[in-house]
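Working notes, structure below.
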Amino acid sequence: MVTVDPVAPRETRPRLPVADVRWSTVLAPVAVGVLFVLGWEALVDRADIKPFILPAPSAIWDQVTANRDSIVSGARVTGSNALWGMLGGTLLGVVGAAVAGTFRFVDQMAAPVVAALAVIPIVALAPVLYSMFGAAVNSGRIIVAGISVAVPVYLNTLRGIRQVRAVHRDLMAAYAAKPLQVIRTVTLPTATPYVFTGLRIASSLAVISALIAEYFGGPIGGLGKSITSSAASSNYPLAWAYVTGAIVLGLLFYVVTLLAELWFSRHQPAP
Amino acid sequence: MNQVVTEPAISVTGVRRVFGKGRKQVVALDDVDLSVADGEFVSLIGPSGCGKSTLLRLVADLDSPTAGTLEVFGKPARRARLDQDYGIAFQQAGLLPWRTVAGNVELPLKLHGVESATRKGRVAELLELVGLADFAKNHPDQLSGGMQQRVAIARALAESPRLLLMDEPFGALDEITRERMQNELVRICAETGAAVLFVTHSIPEAVFLSDRVVVMSPRPGRITGVVDVRADGLAGAHDRTERARDQEGFFRAVADVRSLLHGTPVPTVAVDGLEK
Amino acid sequence: MAQLWDRLRAVVLGVLGVAAVVAVWDLYKSFGPAEGVLVGDTRVLPRTTELAMPHSWQMLQRLGEPVTSLPDAPDAVRAVWDASMFSLGLAAKGWVIGVVVGLLLALAMSAFRIVESALLPWVILSQTVPLIAIAPLVRRWGSELHIGSHIWSSEDSVAVIAAYLAFFPVAVGALRGLKSPDKTHVELMRAYGVGWWRTLLTLRVPSSVPYLLPALRLAAASAVIGAVVAEVSIGLKGGLGRMVIDYAVAASGDPAKPWAPIFGAVAIGLVAAGAIGLLGLVLRPFRLTGVSR
């Protein structure tokens, strides 16, 4: 039940995926992280753990600062592959879901193909992609990243398309709107938050997939290559330094997607 | 001198709507006849399941009858929908949350290719009409329920339709806001001169707004009777004021409608009970 | 009756979908340019030479042939089946561990707000760590653990790494599910004087089922992927991971060979996800949401 009209409109603020943000919300994970790193350092020190098992955070940090440029350039390669994969995969996922949402038979035909794509381990796919596309180009890596993005985006977008409210569908029918108009006016905006949920999941997947694909060959460059080569030459702190770079890259992708999601969902009603 | 007879806004003949098949079928409407004259305000009232919303959806061509015909301004309902001869307002305002108030009101104009300058002018006019000119740039989530419904009504009027279809638009509002919205609606209808088919489950609302109140009953859905509010002493819907709620004719009409709803029609000049 | 037709239709269309993909593959293979399609420096469509891209029937044919040219080498099908079962078993173990850990985490996070704020970001972050970095860690720490008389083996390491991938969707999904009940329902429980634990059992757990089921399914698929990747990182023989590496080496002479483990991986992934789907059928009443149409 709604009460009497207020004089001024209600203020709404953009909603965060977290319930509400307080100091504790930010401090707690930071505290956990700091404790973790300190504990790790102490453990390596006191238990005298060899670097090939687990390097100390301090050793890793030394390597990070010493090899910053190399890490950044590696991140650039992996990141660009992941980015291209994400763009392509998102396009494929959204368009595919739009078609599948409109034509039920397409949805049913695509279902087993999508299910199969969802369970392929990248490790298995990488070698055949390299022989198909050649080891001198980044195509294989981009495709791997693309597939790992397309699947969650497709599934989530499809769900979003099905969330169009009956009253909006009736409204479009009452306006005798053409199918393309309906998609642009109602279907796409309704599905957008779901697309972003899919993207959020996919963002770090894209980075990991691009990374794993690098273990199996392909052109030089990329964090995965650096990780394997430094591990192969037993320089484990360096390998972990590159791993840190990979984590930061994955985090970056996630945060950017999250921010984009917040911006696009400014005026959405609460789900 | 021949008087020009304008064709009725709505003409429903022998309409039957059945949902489902076999043993599980539901007869939502059975042998319904109804006519709404040009410029007339007619309410449909009845308990849940009497088919009033179904009938409205059939007129709007959002659904097809199992039997019978529906005509809007002499055309089949489907043609009328494609020609955009009516405006519609639903119980949930159905505003698109990602568009501003102005964006929502201009939606039908935009969809039908009206050019930008004309659209802007019309939207400003409409928001002025419903008293929301200051909120043009706000989003629906910043408005109360009553305000959202006003936007929905402005949107329904966007293309100056000669017929308005309204399905319990004030159903989700509290009584105070409802009465205020009813006053607004009477004013707007007087200004635009449109015919209105209005679904409601509130007796005072139906009587206050309408020229005629059509009472329906469920299982199967059919028309029990019609109360002509004007014959009970109230002015025509277009000439009604807020004080109508205090007039004797109002209470008489309410009693008439209630008696039809309870199945005990009292034979007065205003009541045309169709069932024994 | 109508339901049966619908199911049949879905199956037929599904088969048609796969057939369509296969058809496009073979058509491209037959008529596509030998060097693929290049846009600038990047190849956007694959090469179609014999060595680069085998026909679908060649892949199937290869499955029927022996794995190597050694005298008693098994058929590829047999080899893939054995490796698949091996990996599936490890994935299953990993799934169980992952589900238990995920559920415990979700429980802790749903009980205490501060635990959720403290741990959830790290749970999400955990998935950005490449598995290759964790493999040696797991192996070493595993060998330190002494559970009864069980000796830590590489298989156990693989299961733990699979669990690492599987616990994430379960933790996130279960958390959302446990927090999902309407405020009205929670207040009802309070009005009845029901404590936290009973509320958990009577309200939160049942209402979390619609969130938990897709999460469990995703966890199953992740466990399979994790097991295969882990086998590569740990270097465990007998599973699909090892098979991928071995066959990839042979790819230059035998292009259809690396496709065999892919089919195996897809098959067990689908089986794993399907098995959880069956669980969903059993739990049907808990998936009703009470929204009337």
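Per this entry, residue C:206 is not counted among residues that are surrounded by fewer than 19 Cβ atoms within 10 Å (Cβ to Cβ), under 19 Å from residue C:96 (Cβ atoms) and modelled with pLDDT under 90. Look at the range A:170-193: where a residue is farther than 20 Å from residue B:165 by Cβ and a partner is β-branched (Val, Ile, Thr) and assigned to a helix (DSSP H, G or I), sitting 6+ places away or on another chain with Cβ atoms under 6 Å, you get A:187/A:161; A:191/A:157; A:191/A:161. When B:47, B:65 are checked against the criterion of being outside any strand (DSSP E or B), on the phi < 0 side of the Ramachandran plot, free of Cβ contacts under 8 Å to residues at least 60 places away in the same chain and away from chain A (no Cβ under 14 Å), B:65 stands alone in meeting it. Applying a threshold of 6 Å to beta carbon distances and a minimum spacing of six or more residues, or different chains, the list of pairs starting in the range C:254-265 at a residue that is on the phi < 0 side of the Ramachandran plot and ending at one that is outside any helix (DSSP H, G or I) reads C:255/C:51; C:255/C:54; C:256/C:54; C:265/A:121. Any chance the range C:36-43 includes a residue that's of a type outside the set (S, T, N, Q), in contact (Cβ under 8 Å) with a residue 40 or more places away in the chain and within 12 Å of another protein chain (Cβ to nearest Cβ)? No, that holds for no residue. Under the condition of being buried (at least 19 other Cβ atoms within 10 Å of the Cβ), more than 8 Å from chain B (Cβ to nearest Cβ) and among the polar types (S, T, N, Q), the residues counted in the range A:161-196 number 2. Is the range B:55-67 home to any residue that is surrounded by fewer than 19 Cβ atoms within 10 Å (Cβ to Cβ) and under 20 Å from residue B:149 (Cα atoms)? No; the residues of the range B:55-67 include none that is surrounded by fewer than 19 Cβ atoms within 10 Å (Cβ to Cβ) and under 20 Å from residue B:149 (Cα atoms). Of the residues that make up the range C:81-97, is at least one out of contact with any strand residue (DSSP E or B) (no Cβ under 9 Å at 6 or more places or on another chain), assigned to a helix (DSSP H, G or I), charged (D, E, K, R) and farther than 26 Å from residue C:261 by Cβ? No, the range C:81-97 has no match at all. Within the range B:100-119, the residues that satisfy the criterion of being surrounded by 18 or more Cβ atoms within 10 Å (Cβ to Cβ) and in contact (Cβ under 8 Å) with a residue 24 or more places away in the chain are B:100, B:101, B:102, B:104, B:105, B:106, B:107, B:108, B:109. Exactly one residue out of C:191, C:221 is at pLDDT 85 or above and surrounded by 24 or more Cβ atoms within 10 Å (Cβ to Cβ): that is C:221. For residue B:153, the conditions (1) surrounded by 21 or more Cβ atoms within 10 Å (Cβ to Cβ); (2) within 10 Å of chain A (Cβ to nearest Cβ) are fulfilled apart from (2). Would you pick out the residues in the range B:110-150 that are within 21 Å of the chain's Cα centre (by Cα) and part of a helix (DSSP H, G or I)? Answer for the range B:110-150, where residues must be within 21 Å of the chain's Cα centre (by Cα) and part of a helix (DSSP H, G or I): B:126, B:127, B:129, B:130, B:145, B:146, B:147, B:148, B:149, B:150.
Annotation note: Cβ proximity below 6 Å between a residue of the range A:123-149 that is on the phi > 0 side of the Ramachandran plot and a residue that is modelled with pLDDT of 85 or more and of a type in the set (A, V, I, L, M, F, W, C) (sequence gap 6+ or interchain) occurs for no pair. Mind checking whether some residue in the range C:20-34 is of a type outside the set (A, V, I, L, M) and either modelled with pLDDT under 80 or not in a helix (DSSP H, G or I) (or both)? Within the range C:20-34, one or more residues are of a type outside the set (A, V, I, L, M) and either modelled with pLDDT under 80 or not in a helix (DSSP H, G or I) (or both). Look at the range C:97-119: where a residue is surrounded by fewer than 22 Cβ atoms within 10 Å (Cβ to Cβ) and a partner is outside any helix (DSSP H, G or I), sitting 6+ places away or on another chain with Cβ atoms under 7 Å, you get C:110/C:179. Among the residues of the range B:105-129, those that are within 12 Å of chain A (Cβ to nearest Cβ) and of a type in the set (A, V, I, L, M, F, W, C) comprise B:107, B:109, B:111. Within the set C:63, C:13, C:8, C:105, the sole residue that is over 30 Å from residue A:218 (Cβ atoms) and away from chain A (no Cβ under 12 Å) turns out to be C:105. As a summary of the residue check, residue B:248 satisfies the conditions (1) buried (at least 20 other Cβ atoms within 10 Å of the Cβ); (2) without any contact (Cβ under 8 Å) to a residue 24 or more places away in the chain except for the one numbered (1). On the stretch given as the range C:151-188, residues that are acidic (Asp, Glu) and surrounded by 13 or more Cβ atoms within 10 Å (Cβ to Cβ) total 2. Residue count for the range C:44-58 under the criterion of being within 7 Å of chain A (Cβ to nearest Cβ) and in a strand (DSSP E or B): the result is 1. Which of the residues belonging to the range C:235-252 are of a type outside the set (D, E, K, R), more than 8 Å from every other protein chain (Cβ to nearest Cβ), in contact (Cβ under 8 Å) with a residue 24 or more places away in the chain and surrounded by fewer than 24 Cβ atoms within 10 Å (Cβ to Cβ)? Listed by number, the residues that qualify are C:235, C:236, C:238. For the range C:78-112, which positions are β-branched (Val, Ile, Thr) and at pLDDT below 90? Within the range C:78-112, just C:80 meets the criteria.
The values are calculated or read from the model by the stated rules, or taken from the named source; none is laboratory data. Being a predicted model, the structure only gives us computed values, none of them experimental. No Cβ is skipped: glycine too gets one built from the backbone with ideal geometry, and neighbour counts run over all protein chains shown.
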